[in-house]
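The values are calculated or read from the model by the stated rules, or taken from the named source; none is laboratory data. Just so you know, these numbers come straight off a predicted model, no measurement behind them. As a convention, Cβ positions derive from the backbone with ideal geometry for all residues, glycine included, and neighbour counts pool all protein chains shown.
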Amino acid sequence: MAADAPDTTAEEPPQTAAPGPAIALNHQVRLAARPSGMLKRSDFEFTHEPIPVPSDGEFAVEISHISLDPAMRGWMNAGATYIEGVELGDVMRAGAVGRVSASKHPGFSVGDHACGIFGVQEHALSDGRGVIKVDPALAPIETYLGTLAMTGLTAYFGLLDVAKVREGETVVVSGAAGAVGSVVGQIAKIKGARAVGIAGGADKCRWLTEEIGFDAAIDYKNEDVRAALRERAPDRVDVYFDNVGGEILDAALARLARGARVVICGAISQYNNTTPYRGPANYIALLPARAAMIGFVVFDYADRYGEAAAELAGWIADGRLVSREEVLEGGVDAFPETLLRLFSGENTGKLVLHVGAR
Ligand SMILES: NC(=O)c1ccc[n+]([C@@H]2O[C@H](COP(=O)([O-])OP(=O)(O)OC[C@H]3O[C@@H](n4cnc5c(N)ncnc54)[C@H](OP(=O)(O)O)[C@@H]3O)[C@@H](O)[C@H]2O)c1
């Protein structure tokens with residue numbers, strides 16, 4: 001045996017990990033197949049490769065938290081909607097936050113915390129485009145994936161700029177106990193409107209009315225939404241903020257006030273359809289109400305994200321806005337099952353996956 005070869009016959013003490021990063025490899029989740037209907041684990045491939053090293057003008061991020069978004073289901077389809085679909089074999093697109101672990105970029109230093117579209121993986125390289133620095137001393141790091149990021153901004157611009165909510169109006173929001181919906185209702189209250197939330201289950205409805213200040217809630221899984229809207233929106237609906245589409249959209253259209261604005265933010269009830277989206281059967285309800293139905297994409301407000309995030313942060317700081325995040329463990333391996341929770345309604349507030357580093 002050569003002098004420097006290990007003696008495999010000898011009793012060796014248990015190996016302990018050498019000091020340094022706990023994750024030696026970069027584990028990744030790639031899109032392997034385009035789902036038909038509800039997404040499944042086999043639509044993804046689990047790969048690993050060496051931790052990337054930045055070139056000039058780049059930095060590397062050790063990702064700590066990944067955002068789970070209903071839109072990911074659309075990104076798994078071929079073609080483009082408001083953004084290109086993810087290519088087969090590519091790392092699944094995702095917003096994420098993490099800590100800069102190596103840098104050859106003048107704007108980002110080791111130790112900075114950053115938020116960007118880093119993908120479902122443990123480490124990412126970036127040239128800084130579309131990346132913002134975040135301060136974990138000001139808010140929990142996961143809040144930078146929710147209320148202080150895309151979902152909070154969606155609620156903010158959708159309600160204030162698109163719906164132009166006014167004091168005294170009635171705002172009804174579906175998906176009300178989720179990341180966007182819970183913020184919509186709370187901003188409505190801040191602006192002096194009445195907030196009615198539609199959500200699945202008694203616990204979510206209780207959270208809306210007893211903990212975060214909604215005036216009323218409707219449990220669409222156990223109540224007749226049309227009848228409940230007549231009762232809980234007695235003055236009809238001035239703003240319907242739609243996150244779910246389908247039958248709930250129809251029920252809301254049937255209850256519009258004159259001059260109502262229907263904001264089409266999303267249609268999660270339709271994202272896993274194998275048949276075409278179900279359109280509103282009673283769109284004609286817009287006519288007597290002189291109502292408008294308006295679609296919007298939060299990305300169009302990118303140049304105003306800073307001012308909106310600052311206002312949202314102020315409302316959180318003064319206790320008027322509750323930001324709830326549900327952070328699940330399991331690392332990138334748990335990504336498919338965690339994403340599915342959005343479609344079964346197992347999340348309250350913003351759904352986030354913790355992937356390793358803090
Ligand atoms: N337009 C934009 O720029 C923009 C940006 C961000 C998000 N969005 C959209 O905003 C919506 C909310 O997103 P989010 O991130 O805040 O997700 P989320 O509301 O936190 O999570 C999704 C929720 O949808 C509800 N849901 C699932 N399947 C449903 C169904 N068949 N019928 C009714 N409700 C159902 C579930 O709550 P229940 O337990 O209440 O069923 C689930 O918790 C999505 O439609 C998303 O695509 C749009």
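Structural remarks
- Breaking point among (1) within 16 Å of the ligand (Cβ to nearest atom); (2) among the hydrophobic types (A, V, I, L, M, F, W, C); (3) buried (at least 17 other Cβ atoms within 10 Å of the Cβ), for V131: (1)
- Residues of the range 258-276 that are within 12 Å of the ligand (Cβ to nearest atom) and either farther than 28 Å from P288 by Cβ or modelled with pLDDT under 95 (or both): I268, Y271, N272, N273.
Table: residues versus (1) in contact with an Asp or Glu (Cβ under 7 Å, 6 or more places away or on another chain); (2) farther than 25 Å from P336 by Cα.
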site: D127; (1), (2): yes, yes
site: G146; (1), (2): yes, no
site: A149; (1), (2): no, no
site: A155; (1), (2): no, yes
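- All told, E311 falls short of being surrounded by fewer than 12 Cβ atoms within 10 Å (Cβ to Cβ), at pLDDT 95 or above and not in a strand (DSSP E or B).
- Of the numbered criteria (1) within 13 Å of the ligand (Cβ to nearest atom); (2) more than 19 Å from G197 (Cβ to Cβ); (3) not acidic (D, E), the one L138 fails is (1).
- One residue stands out in the range 167-226 among those that are near the ligand (Cβ under 10 Å from one of its atoms) and acidic (D, E): the one that is surrounded by the most Cβ atoms within 10 Å (Cβ to Cβ), namely D219.
- The range 240-257, residues that are within 15 Å of the ligand (Cβ to nearest atom) and either within 21 Å of K189 (Cα to Cα) or assigned to a strand (DSSP E or B) (or both): Y240, F241, D242, N243, A252
- One residue stands out in the range 277-298 among those that are assigned to a helix (DSSP H, G or I) and surrounded by 13 or more Cβ atoms within 10 Å (Cβ to Cβ): the one that is nearest to the ligand (Cβ to nearest atom), namely V298.
- Cβ-Cβ under 9 Å pairs, at least 6 apart or on other chains, the range 248-262 side surrounded by 21 or more Cβ atoms within 10 Å (Cβ to Cβ), far side polar (S, T, N, Q): I248/S174; I248/S269; L249/S174; L249/S269; A252/S174; L253/N282
- Test: A124 is touching a Lys or Arg at 6+ places or on another chain (Cβ under 6 Å) and in a strand (DSSP E or B): no
- Residue check, G79 of a type in the set (G, A, S), away from the ligand (no atom under 16 Å from the Cβ) and under 28 Å from N272 (Cβ atoms): yes
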